[in-house]
Amino acid sequence: MDAHGKASDPYRIFFPLGIVLGAFGVAVWPLYYYGITEGYSGRSHAFVQTDGFLYAFIAGFLLTAIPRFTGTEPPSRMSQYALASIIAVSAAAFEFQLFRVGQTAFVIAHFMLIAMAARRFTHRNQEPPETFSLVGLGLMSGALGALINAGMAWNIIPPGWDLLGKRLLTEGMVLLLVLGIGGFLGPRLLGFAQLPQFVKAGASLPALNIKHVFFYKAAGLAILVSLVSEYGFGFTFMAFLRAVAATAVILSTIRPWKLPNVRTTLSWCVWIAHWLVISSIWLVAVAPRYRVDYLHILFIGGFTLLILAVGTRVTLSHGGFSLAQEQRSWPLRIGLATGLVALVARIGAPFAGFTYFAHLAWAAWFWIAGILVWGYYVLKLIRTHPV
């Protein structure tokens, strides 16, 4: 493998796509608040953000990282464009409330991603990190959620499964991917561990720690069981099992009680994001009445901040840039600051009475501003320094 990335690395397509889809997905709230649109669809907003914004970054990272961790080649440029186009079609369909088109397109996109990942795992020259068993479970959760959502859109599955379908994508797929990817990268971005050396083709595969792999698989399965039990069968107390399992993984990998050894903007962003993940999953379990609002701590605080941090590292390292840019990265600082302000505005909305939609609009403005400032920085790196 090359010391750095290649001009064909998938993040170069999917990261810009995610930035655009994220801005459009959140714009629904200021457009409605200022009277530019007559109504809004919270359902469209949710799927654009999950199946568009988040998924574009998921695809970009996994298709860049998995070939590197397995010693294989990334997908062809044609395959990347095809997958990106389907994700864009899915998000656009959701934006216009064409749910059958959107859900069907997402099923196609997700199984394409699984096929690309599985092919590289099958032909691996190196074992992926131990926490990547959670990545596999996350992709399984996404597949189940995608099929349920598509089945409901086509009136094959009863609407009572709606909440399970959506949560399998957010508290299932994305959370498990965060635990699997963050569990490996987090300690290294915080300065607690070193990146591994990659094995050359033909070399013997290093052994994995079976106890660690079993622990991560058990935690991931517990999260999936809790989702099906709670959202499929109404056992709300299972949210505590999910909180325990996810927290156990974070405590064992990230060690968030310790301050970062590497004091950079990026490391603080990673550290704060994991604390927000822990806070969100426990608040959801303790106060289910405000579940939707407290889940935004997970979405805005945990997921978005980790996208900013990991996206910055991937763009710099694979683009051949000096990682010293992570130390005082103003685009990342702006993204972090605006993200936290947006988070406060969003979780304060249900307690704001008649200014509820004003809070949503201001949260959206701050979030969009942060993602666009950071996004401009990332796009500039991608365009001005092709490998």
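The values are calculated or read from the model by the stated rules, or taken from the named source; none is laboratory data. As the structure is a computational prediction, the values presented were derived from the model and not from experiment. Please note: Cβ atoms are built from the backbone with ideal geometry, for glycine as well, and neighbour counts cover all protein chains shown.
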Checklist entry - Are there any pairs with C-beta distances below 8 angstrom linking a residue in the range 299-310 that is modelled with pLDDT of 95 or more to a residue that is among the basic types (Lys, Arg) and not in a helix (DSSP H, G or I), with the two at least 6 apart or on different chains, and if so which? => result none
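Being surrounded by 21 or more Cβ atoms within 10 Å (Cβ to Cβ), in contact with a helix residue (DSSP H, G or I) (Cβ under 8 Å, 6 or more places away or on another chain) and of a type in the set (D, E, K, R): is that true of ARG346 here? Give the steps one after another, and end with the answer.
Working: surrounded by 21 or more Cβ atoms within 10 Å (Cβ to Cβ): yes; in contact with a helix residue (DSSP H, G or I) (Cβ under 8 Å, 6 or more places away or on another chain): yes; of a type in the set (D, E, K, R): yes.
Judged against the criteria, ARG346 is a match.
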Next on the checklist: Cβ contacts < 9 Å: first residue over 13 Å from ALA65 (Cα atoms), restricted to the range 113-136; second residue at pLDDT 90 or above and in a loop (DSSP other than H, G, I, E, B), any location; separation 6+ or different chain. Result?
Outcome noted: ARG119/PRO75
Item to check | Condition met for ARG328 (surrounded by fewer than 22 Cβ atoms within 10 Å (Cβ to Cβ), modelled with pLDDT of 95 or more and farther than 15 Å from ILE19 by Cβ) | outcome: no
Item to check | Residue check for GLY320: closer than 21 Å to PHE15 by Cα, assigned to a loop (DSSP other than H, G, I, E, B) and not hydroxyl-bearing (Ser, Thr, Tyr) | outcome: yes
Checklist outcome for this item: Note on GLN97: of the conditions (1) assigned to a loop (DSSP other than H, G, I, E, B); (2) more than 23 Å from LEU163 (Cβ to Cβ); (3) not hydroxyl-bearing (Ser, Thr, Tyr), unmet is (2)
Checklist outcome for this item: Sole miss for ILE87 among (1) in a helix (DSSP H, G or I); (2) farther than 21 Å from GLY311 by Cα; (3) β-branched (Val, Ile, Thr) is condition (2)
Checklist entry - Taking the stated definitions as given, is LEU21 farther than 18 Å from ALA146 by Cα and either in contact (Cβ under 8 Å) with a residue 60 or more places away in the chain or assigned to a helix (DSSP H, G or I) (or both)? => result yes
Checklist outcome for this item: Of LEU21, LEU31, the only residue that is out of contact with any Pro (no Cβ under 7 Å at 6 or more places or on another chain) and surrounded by 23 or more Cβ atoms within 10 Å (Cβ to Cβ) is LEU21
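Hey, could you check the range 328-353 for residues that are among the small types (Gly, Ala, Ser) and outside any helix (DSSP H, G or I) and say which is farthest from TRP365 (Cα to Cα)?
By that ranking, first place goes to SER329.
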